[in-house]
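Enquirer: One structure, pasted below without further comment.
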Amino acid sequence: MHWSAHPGAQQFVGQWSEERHRAALRGGDARYLLSETGNETGRGTLEAYVILRGLSEDSGAIELKRIVVAVPERGLGRRILSEVIRMAFEDFHTHRLFLDVYEDNARARHLYESLGFVCEGTMRDAARRGETYCNLRLMSMLEEEFAKNREQGLGNRE
């Protein structure tokens, strides 16, 4: 997935090799969700992708491992994430959807919070950018929070 290597994404998106992506796809525990723009030929252009992990676990928890949007700041990430949240709880029947986000990625943290994710804490020096260790924030949403947020229309805000 080549956008992860885009200079803007490298700061906030973990870097996987092509082989690691292929292994995740073969493993059965992960699901890749793609968003494409349509065109008259029927073949669209990939505009975003999401990786969910933990689908074969008994824990009732799914990890939102990655969301990458080709052209940010158009509202596409919010729309996709809202649908991914719905799918996690309604289609995959998870009890808990969780993610980690770089502590200095204020835009992403704001988006997650606006959709109902709750910060559980900071994982100190949990990731690396080059030679520098970085903190990650652990965030999650529980099924009862999803239901309450849905009743209140929280995921529909722009």
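Enquirer: If G155 passes every condition in (1) modelled with pLDDT of 95 or more; (2) of a type in the set (G, A, S); (3) touching a helix residue (DSSP H, G or I) at 6+ places or on another chain (Cβ under 6 Å) but one, which one does it miss?
Expert: (1)
Enquirer: Additional query: State whether one or more residues within the stretch 91-103 are more than 20 Å from L52 (Cα to Cα), surrounded by fewer than 16 Cβ atoms within 10 Å (Cβ to Cβ) and not basic (K, R).
Expert: No, because not a single residue in the stretch 91-103 is more than 20 Å from L52 (Cα to Cα), surrounded by fewer than 16 Cβ atoms within 10 Å (Cβ to Cβ) and not basic (K, R).
Enquirer: Out of all the residues in the stretch 127-144, which are surrounded by fewer than 17 Cβ atoms within 10 Å (Cβ to Cβ), under 20 Å from A61 (Cα atoms) and either within 14 Å of the chain's Cα centre (by Cα) or in contact (Cβ under 8 Å) with a residue 12 or more places away in the chain (or both)?
Expert: Matches in the stretch 127-144: L138, E143.
Enquirer: Can you tell which of A106, A147 is among the small types (G, A, S), surrounded by fewer than 16 Cβ atoms within 10 Å (Cβ to Cβ) and over 18 Å from the mean Cα position of the chain (by Cα)? Even if it seems obvious, please write down each step before you answer.
Expert: Values: A106 fails: over 18 Å from the mean Cα position of the chain (by Cα).
Unique residue meeting the criteria: A147.
The values are calculated or read from the model by the stated rules, or taken from the named source; none is laboratory data. Keep in mind the model is a prediction, meaning the values are calculated, not measured. As a convention, Cβ positions derive from the backbone with ideal geometry for all residues, glycine included, and neighbour counts pool all protein chains shown.
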